[in-house]
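Asker: Could you have a look at this structure, given as structure tokens, before my questions?
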Amino acid sequence: MEIFQVDEHIWAIDHELLGLPGVGVTYVVRGEEIALVETGTALTAPKTLAGLDALGIPREAVRHILCTHIHMDHCGGSGHLAAALPNATVYINSSVAEHLANPTKLMASVRRAVGEEAWPLHGELLPIPAERIHPAETLRLDLGRDVVLEAIATPGHSPDHLSYRDLKSGGLFIGDAAGLVMERWGLVFPVTPVPAYNLETHQATIAKLRALNLPRIYVTHYGPHDDVDHQLNYAAERLAELFDLVDRALADGDPDVDALAARWVPYPDDGPAGVVARSWSRMSVAGMIRYELKRRQSPTA
Ligand SMILES: [Zn+2]
């Protein structure tokens with residue numbers, strides 16, 4: 001497990017999401033109070049806890065756990081972390097909060113989305129007592145020592161997606177709104193997953209984020225990036241490219257998701273990184289197809 005400091009008051013714990021380094025982090029934000037941003041999955045929670053130990057942070061000191069959205073690689077560890085961090089409140093968009101209190105439906109949906117090859121890499125969510133889950137969409141969290149986190153709605157990747165602005169650095173915990181920037185694995189592309197991906201709101205989110213002139217984004221997959229304009233523009237271009245691919249395949253008849261995924265993210269590696277690449281690429285192709293089919297059925301919606 002790797003830990004690195006990304007700002008004066010922010011650290012990243014690489015919790016080896018999906019069994020690999022360089023894929024997912026939990027950010028540790030330190031004011032007088034301590035907040036975690038993103039939780040990884042149930043299987044990465046022990047690594048995150050070991051990271052807190054290595055940073056010398058007592059379990060009682062963590063007061064806040066912020067999730068950007070309801071996908072399991074972002075909030076799947078929240079139950080295990082909440083159980084180990086007795087004073088922590090969990091924050092997520094209230095539209096999906098019930099799934100953390102009762103995760104059965106969420107796990108079934110994720111299993112369908114990620115596919116059988118990648119499902120065992122995710123682990124089972126622990127339910128969180130409802131009174132420990134708070135709505136995040138209007139969150140302004142003052143951690144002391146001038147460290148304040150503020151929620152911004154960034155829908156598209158998922159309808160509930162929020163990002164959190166760190167007002168001290170100006171940087172943004174961006175979740176999946178700018179896609180994957182996993183340089184170690186050469187995987188840089190936006191993820192457009194089933195069941196609720198929306199290209200129109202995602203492009204609007206990217207435009208809104210561009211207008212903020214952010215000095216830095218803290219990407220969940222993976223790490224801090226200062227070339228914010230480049231990352232946002234690249235994500236927007238790749239989205240347009242995926243849309244074209246899907247649109248043409250739909251015009252030709254019944255699209256072959258696996259073949260399209262292999263064309264969109266060619267990744268010949270048969271090892272664990274290949275499993276991740278194929279799972280996220282397939283999920284994205286399927287999500288874009290579903291988005292476009294829904295749009296054609298109700299073009300004004
Ligand atoms: Zn996601």
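The values are calculated or read from the model by the stated rules, or taken from the named source; none is laboratory data. Quick caveat, the model's predicted, so the values are computed rather than measured. Using ideal geometry, Cβ is built from the backbone for each residue, glycine included, and neighbour counts are taken over all protein chains shown. Surface areas here come from the heavy atoms of the whole protein model, side chains and all, with no ligands, DNA or RNA. Shrake-Rupley method; radii C 1.70, N 1.55, O 1.52, S 1.80 Å.
Asker: Just one of (1) away from the ligand (no atom under 16 Å from the Cβ); (2) farther than 20 Å from Y164 by Cβ; (3) in a helix (DSSP H, G or I) trips up R111, so point out which.
Answerer: (1)
Asker: Going through the range 64-119 one residue at a time, which ones are modelled with pLDDT under 95, over 24 Å from G19 (Cβ atoms) and open to solvent by less than 40 Å² (accessible area, probe 1.4 Å)?
Answerer: Result: no residue meets the conditions.
Per-residue answers, yes or no, for (1) away from the ligand (no atom under 16 Å from the Cβ); (2) farther than 25 Å from S169 by Cα; (3) hydroxyl-bearing (S, T, Y); (4) touching a Pro at 6+ places or on another chain (Cβ under 9 Å):
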site: A235; (1), (2), (3), (4): no, no, no, yes
site: A261; (1), (2), (3), (4): yes, yes, no, no
site: G274; (1), (2), (3), (4): yes, yes, no, yes
site: V285; (1), (2), (3), (4): no, yes, no, yes
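Asker: Among the numbered criteria (1) more than 25 Å from D146 (Cβ to Cβ); (2) part of a helix (DSSP H, G or I); (3) open to solvent by 30 Å² or more (accessible area, probe 1.4 Å), which single criterion is violated by L43?
Answerer: Going through (1) more than 25 Å from D146 (Cβ to Cβ); (2) part of a helix (DSSP H, G or I); (3) open to solvent by 30 Å² or more (accessible area, probe 1.4 Å) one by one, L43 breaks only (2).
Asker: Inspect all residues belonging to the range 133-141 and state whether any of them is crowded, with 21+ Cβ neighbours inside 10 Å, within 19 Å of L100 (Cα to Cα), without any contact (Cβ under 8 Å) to a residue 60 or more places away in the chain and within 20 Å of the chain's Cα centre (by Cα).
Answerer: Yes: one or more hits.
Asker: Does the range 255-301 hold any residues that are free of Cβ contacts under 8 Å to residues at least 60 places away in the same chain and hydroxyl-bearing (S, T, Y), and which are they?
Answerer: Once the filter is applied, which keeps residues that are free of Cβ contacts under 8 Å to residues at least 60 places away in the same chain and hydroxyl-bearing (S, T, Y), the range 255-301 yields S298, T300.
Asker: Is it the case that L149 is within 28 Å of G271 (Cβ to Cβ), open to solvent by less than 70 Å² (accessible area, probe 1.4 Å) and either modelled with pLDDT of 95 or more or aliphatic (A, V, I, L, M) (or both)?
Answerer: Spelling it out, it is not the case that L149 is within 28 Å of G271 (Cβ to Cβ), open to solvent by less than 70 Å² (accessible area, probe 1.4 Å) and either modelled with pLDDT of 95 or more or aliphatic (A, V, I, L, M) (or both).
Asker: Restrict the check to the range 238-258 and report whether at least one residue is open to solvent by 20 Å² or more (accessible area, probe 1.4 Å) and touching a strand residue (DSSP E or B) at 6+ places or on another chain (Cβ under 9 Å).
Answerer: Checked against the condition, which is being open to solvent by 20 Å² or more (accessible area, probe 1.4 Å) and touching a strand residue (DSSP E or B) at 6+ places or on another chain (Cβ under 9 Å), the range 238-258 yields no hits at all.
Asker: Please list, ordered by first then second residue, the pairs with beta carbon atoms under 8 Å, 6 or more apart or interchain, first in the range 157-168 and open to solvent by less than 10 Å² (accessible area, probe 1.4 Å), second within 12 Å of the ligand (Cβ to nearest atom) and among the aromatic types (F, W, Y).
Answerer: Going by the 8 Å Cβ cut-off, the qualifying pairs are H157/Y197; S158/Y197.
Asker: Further question on the same structure: Which condition number does E16 fail, the rest of (1) open to solvent by 10 Å² or more (accessible area, probe 1.4 Å); (2) modelled with pLDDT of 95 or more; (3) over 16 Å from the mean Cα position of the chain (by Cα) being met?
Answerer: For E16, the failing item is (3).
Asker: (1) open to solvent by less than 40 Å² (accessible area, probe 1.4 Å); (2) touching a Leu at 6+ places or on another chain (Cβ under 8 Å); (3) not in a strand (DSSP E or B): which one isn't true of L36, the others all being true?
Answerer: With respect to (1) open to solvent by less than 40 Å² (accessible area, probe 1.4 Å); (2) touching a Leu at 6+ places or on another chain (Cβ under 8 Å); (3) not in a strand (DSSP E or B), L36 is out only on (3).
Asker: Also, quick follow-up: Within the range 46-59, is even one residue buried (at least 23 other Cβ atoms within 10 Å of the Cβ), in contact (Cβ under 8 Å) with a residue 12 or more places away in the chain and not in a helix (DSSP H, G or I)?
Answerer: no
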